[in-house]
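First up is the structure itself, then whatever we jot down about it.
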Amino acid sequence: MPTRRNFIKRTTIAGAAITSVPTFGFNILKKNKPTDTILGHGDYQYKVHNDWAQISSVRTPLLNCHEMEMDSKGRLIMIGDHPQNNVLIFDKSGKLLDYWGTAYPGGHGLTISNEGGEDFLFLADSGWYLNKTGKLIKHNGRVSKTTIDGKVLFDIGHPQTIGVYEPGLNYCPTEVAVGPNGDIYVADGYGQDFILQYNYKGEFIRKWGGHENEDSNYNLQNAHGIAIDYRDKNNPMVVCTSRNEQSFKWFTLEGTYVKTLKLPNMQVCRPVFDDTNLYAGVCWSQPKIGKTNWKDHTGFVTILQGDKVVSNPGGTSPEYKNGELQKSYQLENKPILHGHDVCVDEDKNLYICQWNANKTAPIKLERV
């Protein structure tokens, strides 16, 4: 997979084949007319395909589309939080190949790890879910390692069970990253804002982040996303979202602070790496005049070459003054409502998962 370096561990788990799901007789979910809309700036411009996903509003209803990654066979695997289906698997034409899962009502984070040529999933349930009356309920979340078709290999439980959290502290993990040696990094983004590091067996190693550190560089405010930055092959680093600070923060694999990149007016989600670029959904921004709340549609997508923003699909053109990035804003016509995650295929097309987007499927941005 182009956005994750594979690590090799001995494993005896055999993968199960994905079966094709017929689509005849379905009502297509939120089918929109094709559009000639072009989003983005400079060398990173895209044609919008709102009707990319071919799914049924009856058999595979959606609530929020949280994250998506491409596996080693070129399939696009998405996690959401609808109680009837948590994981959906597409081909690049948008055809639904498989779907499964009801055990992750707060389905939020999905990371693919390739081990010895076989793909595995790390799923994060954030702990927020809708009950049967439509009310948001907070409970403690979970992280699971599964096969592609959903067989659970192990869970990483509440840190309280191993004495890492005091009793009563919420644990609401939002994202997982897998390091070059198989270490598992869990971002407790809706809980205590710690990064929890485990070995490949799920045994605890250390934690960092949280709040009220003597060195404020270690503080994380909504540690929503986490990834491994392999762009310097000799020095891979852990990158964490500090969404309320409109920032990404880099740490060594052992949790030592390295640097912060501020993105004014962009409350960014997971960092996604492809070649030398960093892509991220922007879940919220503020307008030039006035204020909005967290339910308002204010998001877009941002693309960086190195540490420089070069394009904002769905947002205004990035502007630098005296080397400092100025605030970016959502376009007035709101082509992207809430950018929650970005998946990049080998042709550099983007697939955008959105939170709070009127139960719509992911949209495709075709590189032009």
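Listed values, structure above:
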{"quantity": "Percent accessible area from carbon and sulfur atoms, the chain, protein chains only, probe 1.4 Å", "calculated": "47 percent"}
{"quantity": "The chain, relative contact order in percent, only Cα pairs under 8 angstrom and at least six apart counted", "calculated": "15 percent"}
{"quantity": "Residue of Ile137, Ile195, Ile228 that the Gaussian network model of the chain assigns the largest fluctuation, springs spanning Cα pairs under 10 Å", "calculated": "Ile137"}
{"quantity": "Selected from Lys259, Lys138, Lys233 as most flexible by GNM, with the chain as the system and alpha-carbon contacts under 10 Å", "calculated": "Lys233"}
{"quantity": "Overall dimensions of the range 301-368 as given by Cα atoms, namely Rg and Dmax in Å", "calculated": "13.0, 41"}
{"quantity": "10 °C / 1.306 mPa s Stokes-Einstein diffusion coefficient of the range 26-158, Kirkwood radius on C-alpha pairs, µm²/s", "calculated": "99 µm²/s"}
{"quantity": "At 0.692 mPa s and 37 °C, Stokes D of the chain from Kirkwood alpha-carbon radius, µm² per second", "calculated": "160 µm²/s"}
{"quantity": "Cross-link reach list, lysines versus Lys92, counting only Cα pairs under 16 Å and skipping chain neighbours closer than eight places", "calculated": "Lys47, Lys73, Lys348, Lys364"}
{"quantity": "Accessible area (Å², 1.4 Å probe, nearest 10) - Phe194", "calculated": "40 Å²"}
{"quantity": "Two-decimal ratio, the range 177-255, of alpha-carbon radius of gyration to 2.2 N^0.38 Å", "calculated": "1.02"}
{"quantity": "Whichever aspartates and glutamates have a C-alpha closer than 13 Å to that of Lys95, once near sequence neighbours (fewer than 8 apart) are set aside", "calculated": "Asp51"}
{"quantity": "Cα lying deepest toward the dipole's positive end in the range 46-92, options Met78, Trp52, Cys65, charges on Cβ", "calculated": "Trp52"}
{"quantity": "Per residue, in Å², the accessible surface of the chain once ligands and nucleic acids are set aside, probe 1.4 Å", "calculated": "43 Å²"}
{"quantity": "Among Gln246, Asn219, Asn358 - extreme Cα towards positive end, dipole of the chain, charges at beta-carbon", "calculated": "Asn358"}
{"quantity": "For Trp128, solvent-accessible area (1.4 Å; no DNA, RNA or ligand), Å²", "calculated": "90 Å²"}
{"quantity": "Heavy atoms of Tyr129: accessible area, 1.4 Å probe, square angstrom to 10", "calculated": "70 Å²"}
{"quantity": "Residue with peak Gaussian network fluctuation, the chain [Cα springs, cutoff 10 Å], from Leu136, Leu261, Leu63", "calculated": "Leu136"}
{"quantity": "Cα centroid separation - the range 56-91 against the range 263-311, whole Å", "calculated": "23 Å"}
{"quantity": "Nearest-20 debye value, the range 90-162 charge dipole, Cβ charges on Lys, Arg, Asp, Glu", "calculated": "460 debye"}
{"quantity": "Cysteines without a disulfide-compatible neighbour (Cβ-Cβ under 4.7 Å), the chain", "calculated": "Cys172, Cys240, Cys269, Cys283, Cys343"}
{"quantity": "Charge dipole magnitude, Cβ of K and R +1, D and E -1 - the chain, Cα centre, debye nearest 20", "calculated": "820 debye"}
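The values are calculated or read from the model by the stated rules, or taken from the named source; none is laboratory data. What you are looking at is a predicted structure, and each value in this text was computed from that prediction instead of being measured. Ideal geometry is used to build each Cβ from the backbone, glycine not excepted, and the neighbour counts take in all protein chains shown. Each accessible area value is taken on the protein alone, full model and side chains, heavy atoms only, with ligands, DNA and RNA left out. Shrake-Rupley method; radii C 1.70, N 1.55, O 1.52, S 1.80 Å.
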